[in-house]
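Here you go, one structure.
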Amino acid sequence: MDSPELTERFVRLASTDNLAIMAYYDKVIVPILLKYLEPESPLLDLGCGGGVLLTLLQRRGFKNLYGIDAASILLDRIPDKNIPVICDNYLNVRSHFQQGQFQAATVFNTLHHLETLEEFEAFFYNLHYIMKPGGLVFIKELRNGMFYRIYNGMIKSSVTQFLFPWFIGPRNFVQTHEEEMHSRFFDFFLPQLKKILRTKDRFSFVKRHTPLSFENLLVVRANPTP
Ligand SMILES: C[S@@+](CC[C@H](N)C(=O)[O-])C[C@H]1O[C@@H](n2cnc3c(N)ncnc32)[C@H](O)[C@@H]1O
């Protein structure tokens, strides 16, 4: 799990970027989810952070929403205190939720925080347990493409640091840590993802979306327990 310092810096950055993140999720990401989901669907947001997605889904009429995140200072930022949220490592979902409880789960920009391949495997094993057979899991992560390399280059460049200190400064610390996690994710976890999803036929691949071309949003279906 993340160090308290990283979480604290992430919180500060999230508050300055909040409007842009909300707009991106609202205009680009939520419409994709709405193609697949009904507002009645019980949905768990794993690594829900400050609840941007939960808040936007609630505005679209979703009533059966849950969140789990390891960082209480992020959970405290969720405006509606009636959304049930749990502060814990999401590797422990089995101890908080029932078997087959969720029709939908969202896993947005958080898988790269896992530290080992064993954790990565355990994540999907436990997630499958709480999913309804036929339920959908939405996995969103950055793509290791041109946009990502340009962004990293910009953050590290001494020219942009000099010209735009207010923009680059707060991003430097967070991105240095995130870059390490992203590299581990791209190099060691991503190549195993299909194999892990297919283990014991737990999940089937449904579709890959590439919102604004800098992220992958995978849709996978939970199969009945064999
Ligand atoms: C980059 S943020 C993404 C937040 C949110 N999903 C979004 O899309 O804006 C990653 C989140 O994952 C959470 N996280 C990381 N590892 C976790 C773990 N093992 N268990 C629960 N939450 C975790 C962090 O606390 C943080 O809120």
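Each value in this text was obtained by applying a stated rule to the coordinates, not by laboratory testing. Source: prediction; values computed, not measured. With ideal geometry, Cβ positions are generated from the backbone for all residues, glycine too; neighbour counts draw on all protein chains shown.
Once you've got the GNM for the chain with C-alpha springs shorter than 10 Å, pick whichever of Met131, Met146, Met22 has the biggest mean-square fluctuation.
With Cα springs under 10 Å in the chain, the top fluctuation among Met131, Met146, Met22 is at Met146.
Arrange Ile196, Ile150, Ile73, Ile139 by Cβ neighbour counts within 10 Å, fewest through most, would you?
Ile150, Ile73, Ile196, Ile139
What area, in nm² and to one decimal, does the C-alpha convex hull of the chain cast on average over all directions?
11.8
Starting from 0.36 nm per residue, how many nanometres of slack lie between Ala20 and Arg60 once their C-alpha separation is accounted for?
Between Ala20 and Arg60, full extension yields an extra 12.5 nm.
Which one of Thr55, Thr106, Thr160 has the biggest mean-square fluctuation once the chain is modelled by GNM with Cα springs under 10 Å?
Among Thr55, Thr106, Thr160, the largest mean-square fluctuation in the Gaussian network model of the chain belongs to Thr160.
For the chain, set up a GNM with springs between Cα atoms under 10 Å and report which of His128, His113, His96 has the largest fluctuation.
Top of the fluctuation ranking is His96.
Using unit Cβ charges (K, R positive; D, E negative) and no other charged atoms, how large, in debye to the nearest 20, is the dipole of the range 57-132 about its Cα centre?
580
Ratio to report: Rg/Rh of the range 131-191, with Cα atoms as the point set and Rh obtained by the Kirkwood method; give two decimals.
Dividing the radius of gyration by the Kirkwood radius yields 1.15.
What's the extension gain from Asp88 to Lys35 if we count 0.36 nm per residue and subtract their Cα-Cα distance?
Difference between extended and current length: 16.1 nm.
Which FRET efficiency value, to the nearest 0.05, do you get for Tyr125 and Met154 by plugging their Cβ-Cβ distance into 1/(1 + (r/R0)^6) with R0 = 41 Å?
Once the sixth-power term is evaluated, E becomes 0.60.
Still on this model: Per residue and in Å³, how big is the convex hull formed by the alpha-carbon atoms of the range 94-226?
120
Give, in nm to one decimal, the length gained when the segment between Lys194 and Leu163 is fully stretched (0.36 nm per residue of separation minus the Cα-Cα distance).
6.9 nm
Suppose only helical runs count, i.e. DSSP H with n ≥ 4. What mean residue ellipticity at 222 nm does that imply for the chain under -39500 (n - 2.57) per run, divided by all residues and rounded to the nearest 500 deg cm²/dmol?
-13000 deg cm²/dmol
For Val85, enumerate residues with amide H under 5 Å from its amide H, sequence gap 5+ or separate chain, H modeled in the peptide plane.
Gly67
Let me ask something else about it. With the cut-off at 30 Å, tell me which of the pairs Lys140/Lys200; Lys27/Lys195; Lys156/Lys194; Lys35/Lys194 have Cα atoms farther apart than that.
Lys27/Lys195; Lys156/Lys194
Another question, then. Calculate the dipole size of the chain relative to its Cα centre from +1 charges on Lys and Arg beta carbons and -1 charges on Asp and Glu beta carbons; express the result in debye to the nearest 20.
For this selection, approximately 820 debye.
Among rounded, prolate and oblate, which fits the range 36-97 when a ≥ b ≥ c are the square roots of the eigenvalues of its C-alpha gyration tensor, a/c under 1.5 means rounded, and a/b larger than b/c means prolate?
In terms of gyration-tensor shape, oblate.
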